[in-house]
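Notes for the one structure printed next.
The values are calculated or read from the model by the stated rules, or taken from the named source; none is laboratory data. Computed from a predicted structure; not experimentally measured. Every residue, glycine as well, gets a Cβ built from its backbone with ideal geometry; the counts of neighbours run over all protein chains shown. The protein model used for the area step is the full one, side chains on, heavy atoms only, and it has no ligands, DNA or RNA in it. Shrake-Rupley method; radii C 1.70, N 1.55, O 1.52, S 1.80 Å.
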Amino acid sequence: MSAVNADARNRLLLRVALLAVGIALVAAPYVVSSFQIGVLSRIAVFALFGLAFNIVFGAGGMPSLGHAAFFGLGGYIIGIGTVRLDAGIITVFVLALVLGAVLGAIVGVLTLRSHGVYVLLLTLAVAQALWGLAFQQVRWTRGDNGIAGIERSLIVPGDATLVTFYWAVLAVVAIFGALVWWFQRSPAGVAIVAHRESASRLAALGYRVSAYRIGAFTVSGAVAAIAGVLYASLNRFVGPENLAWTMSAEVMLFAIVGGAAFFAGPIVGAAAIVTLEVWVSGFTDRWLAVLGLTYILTMLFMPQGILGLVDDRRRAWRARRDGREAAATSANASDALTGSGGMS
Amino acid sequence: MTDLAVETDALTVRFGGLTAVDGVDLRVATGHRRAIIGPNGAGKTTLFNLIAGQVRPTSGTVKLHGRDVTGLPVQARTRAGVARTFQITNLFDELTVTDNVRLAVAGADPKVRRTFWRPLHRFPHIEARVDDLLEQWDLAAVRDERPIALSYGQQRILEIVLATAGQQRVLLLDEPTAGVSKSEAENLVDTIDALPRDLTIILVEHDMDVAFRIADEITVMVNGEELVTGPPDTIRGDERVVEAYLGRDESDAA
């Protein structure tokens, strides 16, 4: 009984916390500087990219080092589409979803027979091939120079200011983030996690394992491409660096630092790493070195990421509380105010 | 005969130079319980893998209820009605017991299995069956736990629950009591014994007492071949079986 009550209470607390965070994010422009709004926009975009990536990585257990392919693809779709071909934003979004999904399915098929480090190498190869293509097909991509002049106003209904653009990004990220959440709780989403745990067991239950692997990459690719569209419009620019392997490494780090086992892990990771990047840029421009160090420290001191650490603390705290409650059964009041910010 | 649940014809598989299963003609009638015993390396688990589809034969055929399934992959054979447990416990360790069972029940329903927009726990007919199963198998109290928190015996039971959740008609049990404590093994054997009689069961077992208790018939395998098949009493007294287990050379030397 009390476990059920605690569950319901945790769910309620989670909802209240989510609502509070949502309100804070929407109201942020009234409080913080325009520079910080830019940073928040970046975090939001990377959070969506991380959520997409984590379908394959955290849930599916497949270490992709090629997610920049989808991210850059989205960037080039809005770049080529709106700057060079005069396409509308709806077309851009639909194309990003479709082509991101198709590329995801292709990568899924290519990696079907691979595990672990081989998945990593194959996905890296695909992304590098796309990077090379963007670099060389100057006629379409303007090569090294990239495509500048992507209009932020495309995504914003009405006047495009930094603030309205931020709201628009927030809305797109919230919508697609919610879709990813639903997907991960669906039978297909749970089967993707199950495949990570035991592919042989899943097949023996009647699931065609390959379909779920490909499905994970397909959904992940589509959503990552949407994040790529947002990123290019945020920067008003897309270039080969959107497809670079360092981008793939960075998104993997979002998941690892935040906690790949948790849905919110990549969001927390993106916030932490972008904040770190902004802070560190005051001292040094050797960002990659700092990123590498962050990775090493995370692996050494919190291999389950920030949320893993929070989760451990919460469990320990709860165990202590249960011990206390068992000792003092007469104290009815102990039930009040003992919730915790449930993150999962 | 169409009332054969499992039928293999000259089933053979070679791994390089090793013939793991050599021309086995297994015939198990619907509703029967067959134990397969034999020394280590006799090919018992490989035979299971051939029937359930994890391994494809070099030659020979596998039929389930008269239907040739030799070319079908694992998931298609599951849908054709064969379920199995594994020698080493094979569960979804990071999912709750409930989610383990949910996936098993959903696996038998193509519509649910392919859904990617509605939460897994929001299918009333799946939930009803999951609750029934958890209740029936005494797992309701641990439904929110991860399998790792269960006793080994409970984990083996959960495996059987997963295997039979889709209402399969043939159950392959690969050493169900291996590694389980004596008292839990007792319980497990009772549980297996109490499974519905229309379920065809084939089990690989090292523990003779378990094999003789559960099975109607016993097949003894040696070096990938079927040595003899018969009712428990016949097998117990069969000289060739004693020989296969104890070894002729050793007894001669003694």
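For the reader, a short list of remarks on this structure follows.
- Within the stretch B:115-132, not a single residue is open to solvent by 20 Å² or more (accessible area, probe 1.4 Å), within 12 Å of chain A (Cβ to nearest Cβ), part of a helix (DSSP H, G or I) and within 19 Å of B:V28 (Cα to Cα).
- Of all residues in the stretch B:143-155, those that are in a helix (DSSP H, G or I) and open to solvent by 30 Å² or more (accessible area, probe 1.4 Å) total 4.
- Residue that is nearest to B:A108 (Cα to Cα), among those in the stretch B:23-79 that are of a type in the set (D, E, K, R) and open to solvent by less than 50 Å² (accessible area, probe 1.4 Å): B:R77
- Taking the criterion of being within 15 Å of A:L133 (Cβ to Cβ) and β-branched (V, I, T), the residues of the stretch A:53-106 that qualify are A:I77, A:I80, A:I106.
- Restricting B:T164, B:T177 to those that are modelled with pLDDT of 85 or more, over 11 Å from the mean Cα position of the chain (by Cα), open to solvent by 10 Å² or more (accessible area, probe 1.4 Å) and not small (G, A, S) reduces the list to B:T177.
- One residue from A:I78, A:I23, A:I43 being closer than 24 Å to A:L162 by Cβ, within 15 Å of the chain's Cα centre (by Cα) and among the hydrophobic types (A, V, I, L, M, F, W, C): A:I43
- Filtered residues of the stretch A:165-216 (kept if open to solvent by 40 Å² or more (accessible area, probe 1.4 Å), polar (S, T, N, Q) and either touching a strand residue (DSSP E or B) at 6+ places or on another chain (Cβ under 6 Å) or within 29 Å of A:V21 (Cα to Cα) (or both)): A:Q184
- Residue, farthest from the other protein chains (Cβ to nearest Cβ), within the stretch A:185-228, restricted to residues that are in contact with a Gly (Cβ under 9 Å, 6 or more places away or on another chain) and in a loop (DSSP other than H, G, I, E, B): A:Y207
- Of all residues making up the stretch B:89-114, the number that are open to solvent by 10 Å² or more (accessible area, probe 1.4 Å), within 22 Å of A:I55 (Cβ to Cβ) and in contact (Cβ under 8 Å) with a residue 40 or more places away in the chain: 4
- Among the conditions (1) away from chain A (no Cβ under 14 Å); (2) under 29 Å from B:R67 (Cβ atoms); (3) of a type in the set (D, E), the only one that B:E159 does not satisfy is (1).
- Count of the stretch A:103-116 residues, restricted to those that are open to solvent by 30 Å² or more (accessible area, probe 1.4 Å) and either free of Cβ contacts under 8 Å to residues at least 24 places away in the same chain or more than 21 Å from the chain's Cα centre (by Cα) (or both), is 6.
- None of A:A191, A:A171 is more than 17 Å from the chain's Cα centre (by Cα) and among the aliphatic types (A, V, I, L, M) except A:A191.
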